[in-house]
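Comments concern the structure below.
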Amino acid sequence: MTASSRLPLAAIAAAAALAPSMTRAQTEDPAPYYVGASLGVSHVSNVYRQNDTPNSDTVVSAGLLGGIDQRLGRQHLTLDGSLQNNRYSTNRELNYRSHSLRGALNWETAGDLSGVLSAKSDRSLADFNSSSLTEPLFKKNIERNEDYRAVARLGVGSRYSLEAGWNNRRRNFSAEEYAPYVYHQNTTWLGAFAMPGGNVRLGLVGRHTEGTNPRYFTGDPLNPVAPNDYTRNDFDLTANWSAGGHTSLNARISRSKTRNSQQNLSDFHGTTGAVGGTWQPTGKLQFNFQYARDTGQETTVVATDMNRVYTSWQLGTSYAVTGKISLGAKLTNSRTRRDGAVVNAGVLASDGTKGHNINLRWAISRAFNLSCQYDHVKRDSNVQLLSYTANSYGCTGQAILY
């Protein structure tokens, strides 16, 4: 799956996530909480991501949102959430309720020990045409993602630190056809970090992941569904560099090894990694980029299948036209390749997805803002049924009260 799966509600989701923080930044308001409401309308040209008979629809979304940003002595608590009711004009069987919830507690002691406890949960409409593992879907399919994380850091002097962490991730779908994409996994890691210079941080990290796909398609007509238990081990070299807050660069290169219990799934052993950064040449203009090569759930793409290698990049920019108006744009590209697929046995399946986005945000006043954007996505596949083009555009108005 890709980020393009949520094009009909892209403007709404972006505004719900970004507008509160933008408003607080522009007004520098010290209030520890906010509440608000949003109303958005968007139009999508190809709801079901079909190759031959695209269909269009208009979506109206009404939502409530709120959050807390509170200092508790040395600790820092943040909570953000939004609830939305999404209504389709024509495809009313797709009407659904979505949510996005985030919480984090950054803690520290009087000594050199610190860390973070965090949790997040998202509920949304899943992609109708996700990959070569399943045929396109034409019914409502709700996707839910959960992420729980605990990290502890111990400073050793002023330049060295140790870090230990645990992460639990879960993805579920309401449609039985998407059973192979359901997974539950736990990751633990231990890392050592050093700062040879004031603006450079280097790290060596070992990660171990254990997970399961509870109902994976086997391709065996006598036993079509069975669990796939998998493990993954990574050794990471990381680097972070920043220059005066205007330029930053982060990189990771890893030796990764994945094993699957299902015999029809290929194990992976190779090099993965990612690089990204930001550049702010002026006070109004900023660029950001990201490139990654990884498998399944570990990629920066919203991926679903561990039996794939994803290569993706994105380039974005934002420009502050005035103190209240900002323009943004983004280019994305991802490619994937896997050997074989249940619906196309023996075929070397490969997919490529390209997209671009243009957005405008206007802080009308301290309490009101407007966000509009246009999205285009095109997917090419050697399986014709999985290729499509889709466009969407829409606007969301939001009122924030403190």
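Across all Cα atoms of the range 3-401, the radius of gyration (one decimal) and Dmax (whole number) stand at 22.0, 65 Å. When peptides 169-179, 189-199 are sorted by average Cβ neighbour count within 10 Å, with the highest value leading, the order is 169-179, 189-199.
A simple spin-label model places the labels of ALA104 and ALA164 2.2 nm from each other, with each point 7 Å out along Cα-to-Cβ.
Here the spin labels are modelled as points 7 Å beyond Cα on the Cα-Cβ line, and at VAL225 and LYS354 they lie 3.8 nm apart.
Quick one: which of LYS139/LYS354; LYS284/LYS330; LYS330/LYS378; LYS284/LYS324 span more than 19 angstrom between C-alpha atoms?
LYS139/LYS354
Seen from ALA62, the other residues with C-beta closer than 12 Å to its C-beta sum to a net charge of +2, counting Lys and Arg as +1 and Asp and Glu as -1.
Rounded to whole Å, the principal axis extents of the Cα atoms in the range 44-98 read 59, 21, 14, largest first.
From Cα pairs below 8 angstrom and at least 6 apart in sequence, can you work out the relative contact order of the range 3-401, rounded to a whole percent? Walk me through the intermediate numbers first.
Values: 1082 pairs, mean separation 53.2, N = 399.
Once divided by the residue count of the range 3-401, the mean separation gives 13 percent.
Within a Cβ distance under 15 Å of LYS120, other residues only, what is the Lys/Arg minus Asp/Glu net charge?
Details: positive: ARG102, ARG123, ARG144, ARG149, ARG169, ARG170, ARG171; negative: ASP80, ASP122, GLU143, GLU146, ASP147.
Around LYS120, the charge tally is +2.
Between LEU190 and ASN250, full extension at 0.36 nm per residue minus the direct alpha carbon distance yields a gain of 19.7 nm. For the range 3-401, a simple Cβ point-charge model (Lys and Arg +1, Asp and Glu -1, everything else neutral) yields a dipole of about 660 debye relative to the Cα centre.
Read-outs: derived from the displayed coordinates by stated rules, not from any lab. Given the structure is predicted, the values throughout are model-derived calculations rather than measurements. No Cβ is skipped: glycine too gets one built from the backbone with ideal geometry, and neighbour counts run over all protein chains shown.
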